[in-house]
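K.L.:
Please read through the structure below; I'll follow up with questions.
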Amino acid sequence: MPDHLIDSSVAKQRPLIDISTEVQDALQHNQPVVAMETVNAFIHGGEQQEEKLETTFLYEQAVRAKGAIPAMIAIIDGKLKAGISHGEIEQLFQQAPSICKVSRRDLPLVLGMNQYAAVTVSAAMTIACLLGIKVVAAGGMGGVHQNAQLTYDISPDVYELATSSVAVVCSGAKSIIDLRLTLEYLETHSVPVLGYQTDVFPSFCVKETEYPVDRRVESPTEIAELIHRKWALGLQGGVVVANPVPDEFAFSPKEMNDLIQSALLTLENNQVPGKDRTNFLLEKVSSLSEGRSTSSNIQLLINNAALAADVAVDYARINNI
Ligand code: PSU
Ligand code: MN
C-alpha cells in the first residue's frame with residue numbers, strides 16, 4: 001500500500017481514504033480483496049430503498065461466500081471509505097434517499113462536503129489502484145456512448161481501464177453504449193477483453209451480441225493467470241472480465257433494443273445533462289420493463305461479485321507463490 005495514504009503523519013491527522021480494519025488487515029497479509037463499485041447496488045439496486053439495501057448486502061455477501069474480503073467503496077458523510085460496515089450502509093440509505101454518483105473526477109469535489117455517494121467503475125478502479133487491490137466487482141461498465149462523435153460522451157471508465165492496473169469483472173456495457181466503439185477504444189489502449197464462458201462481449205442484461213471478445217476463458221484460475229501474466233510483464237493498464245448475466249435473467253437482444261429505443265425517445269424530449277443521462281435511461285428502461293431490468297441488474301451484480309472473488313482468491317494464491 002502506498003505509504004502516503006496510511007503511514008505518514010499527515011495521513012494520520014487527515015486520512016484521505018478511510019480503510020476499514022478488516023480491509024487493512026487483509027491487504028497487509030496479502031489476502032484476496034475485491035474493491036466494489038457501488039452505483040449499481042446503491043442507485044440501481046432496486047425500486048425501493050429496502051430493496052437496494054438488501055441488494056447491497058447480497059452483493060457484499062457474494063464476495064465473502066467465496067473467501068475474499070469485500071472493500072465496498074463509497075462516500076459516507078463526506079469521507080471516502082474502502083470497506084463499509086452494514087451500519088454505514090444503513091446510515092447511507094437513511095440519510096440519502098437519492099444518492100449521487102461519483103466518478104474519478106468528482107472525488108476531490110465531494111470529500112468533506114457531508115455527502116453520501118456511490119462510486120462508478122472509474123472511481124472504484126482509482127481507489128483499488130491506490131490501495132493495491134487488483135480486482136474490482138461491478139455491474140456494467142461505461143464506454144463510448146452512441147453518437148459520441150457528436151456528444152463527446154465517453155465514460156471515464158474506459159480511460160481508467162487504459163491506465164490503472166486493475167481487472168474489472170462486469171457484464172459488459174449496456175446497450176445505450178456503442179459496443180463497437182467501446183471495444184475499439186479498449187483495443188487502442190491495449191486493454192484485453194476476456195469473456196467468461198462466452199465468445200462475445202455481453203451487453204449488460206443481454207448475453208448475445210455480435211462483438212467477439214479477445215479471449216474466451218473458462219475458469220477463474222485462467223483469468224487470474226492471464227492478468228498476473230500481463231502485470232508480471234510490466235504491461236500496465238486494466239483488463240475487462242466480461243461475465244454474462246445468468247440465463248434466467250437475460251433479455252433477448254430485440255426486447256432490450258426496443259426498450260432502449262423508447263427510452264432514447266424520452267431522453268430527446270427532456271433536457272438531461274450528460275452525466276445524468278445514464279441514470280435517466282436506466283430508470284426509464286426499468287419502468288418500461290416493469291422492473292424486470294432491475295431484477296436482471298441485481299442478479300448480474302451478485303454473479304459478478306462472486307466471480308470477482310474467485311479471481312481475487314486465485315490471483316492472491318498465484319501472486320504469493
Ligand atoms: N452500466 C450499467 N449500469 C450502471 C453503470 C454502468 O449498466 O449503473 C454505472 C457504472 O457505475 C459505470 C457508470 O461506472 O455508470 C458509467 O457512467 P458514465 O456513463 O456516466 O461514465
Ligand atoms: Mn459521460
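The values are calculated or read from the model by the stated rules, or taken from the named source; none is laboratory data. Everything quoted here is computed from the prediction, not taken from an experiment. In this analysis, Cβ positions are derived from the backbone assuming ideal geometry, glycine residues included, and neighbour counts consider all displayed protein chains. Protein only, heavy atoms only, side chains kept; ligands, DNA and RNA dropped before computing areas. Shrake-Rupley method; radii C 1.70, N 1.55, O 1.52, S 1.80 Å.
K.L.:
So which residues in the range 84-117 are assigned to a loop (DSSP other than H, G, I, E, B) and either crowded, with 18+ Cβ neighbours inside 10 Å or within 14 Å of ligand 1 (Cβ to nearest atom) (or both), if there are any at all? Before the answer, list the steps.
P.N.:
Our first condition is that a residue be assigned to a loop (DSSP other than H, G, I, E, B); within the range 84-117, this holds for 84-85, 96-99, 103, 111-116.
Matches in the range 84-117: Ile84, Ala96, Ile99, Ser103, Gln115, Tyr116.
K.L.:
Could you please tell me which pairs satisfy a Cβ distance under 8 Å, a separation of 6+ or placement on different chains, a first residue in the range 149-163 that is more than 15 Å from Val102 (Cα to Cα), and a second residue that is open to solvent by 60 Å² or more (accessible area, probe 1.4 Å) and basic (Lys, Arg)?
P.N.:
Asp153/Arg277
Condition check ((1) within 16 Å of ligand 2 (Cβ to nearest atom); (2) open to solvent by 30 Å² or more (accessible area, probe 1.4 Å); (3) in contact with a helix residue (DSSP H, G or I) (Cβ under 8 Å, 6 or more places away or on another chain)) across all residues:
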residue	(1), (2), (3)
Thr120	yes, no, yes
Gly139	no, no, yes
Gly143	yes, no, yes
Val166	no, no, yes
Glu187	no, yes, no
Gly195	no, no, no
Thr198	no, no, no
Ser203	no, no, yes
Arg215	no, yes, yes
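K.L.:
Let me ask something else. Check Thr120, Thr209 and return the single one that is in contact with a Gly (Cβ under 9 Å, 6 or more places away or on another chain) and away from ligand 1 (no atom under 13 Å from the Cβ).
P.N.:
Values: Thr120 fails: away from ligand 1 (no atom under 13 Å from the Cβ).
When all the criteria are applied, what remains is Thr209.
K.L.:
Further, regarding this structure: Determine whether Leu16 is at pLDDT below 95, in contact with a helix residue (DSSP H, G or I) (Cβ under 9 Å, 6 or more places away or on another chain), surrounded by fewer than 20 Cβ atoms within 10 Å (Cβ to Cβ) and not basic (Lys, Arg). Steps first, please.
P.N.:
Working: at pLDDT below 95: yes; in contact with a helix residue (DSSP H, G or I) (Cβ under 9 Å, 6 or more places away or on another chain): yes; surrounded by fewer than 20 Cβ atoms within 10 Å (Cβ to Cβ): yes; not basic (Lys, Arg): yes.
When the stated conditions are applied, Leu16 passes them.
Condition check ((1) open to solvent by 30 Å² or more (accessible area, probe 1.4 Å); (2) under 15 Å from His44 (Cβ atoms)) across all residues:
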position: Pro244; (1), (2): no, no
position: Ala250; (1), (2): yes, no
position: Ser262; (1), (2): yes, no
position: Leu267; (1), (2): no, no
position: Gln271; (1), (2): yes, no
position: Leu282; (1), (2): yes, yes
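K.L.:
Out of (1) surrounded by fewer than 20 Cβ atoms within 10 Å (Cβ to Cβ); (2) within 13 Å of ligand 1 (Cβ to nearest atom); (3) part of a helix (DSSP H, G or I); (4) not charged (D, E, K, R), what's the single condition that is false for Thr294?
P.N.:
Failed condition: (1).
K.L.:
Just give me the residues in the range 23-50 being within 18 Å of Gln95 (Cβ to Cβ), not in a helix (DSSP H, G or I) and not small (Gly, Ala, Ser), in sequence order.
P.N.:
Kept after step one, since they are within 18 Å of Gln95 (Cβ to Cβ), are these residues of the range 23-50: 38-39, 41-43, 45-46, 48-50.
With the extra rule that they be not in a helix (DSSP H, G or I), the set shrinks to 38, 43, 45-46, 48.
Across the range 23-50, the qualifying residues are Thr38, Ile43, Gln48.
K.L.:
Can you tell me which residues in the range 145-164 are of a type in the set (Ser, Thr, Tyr), within 16 Å of ligand 2 (Cβ to nearest atom) and buried (at least 19 other Cβ atoms within 10 Å of the Cβ)? Steps first, please.
P.N.:
Our first condition is that a residue be of a type in the set (Ser, Thr, Tyr); within the range 145-164, this holds for 151-152, 155, 159, 163-164.
Narrowing further to those that are within 16 Å of ligand 2 (Cβ to nearest atom): 151-152, 155, 159.
Ser155 - this is the single residue of the range 145-164 that is of a type in the set (Ser, Thr, Tyr), within 16 Å of ligand 2 (Cβ to nearest atom) and buried (at least 19 other Cβ atoms within 10 Å of the Cβ).
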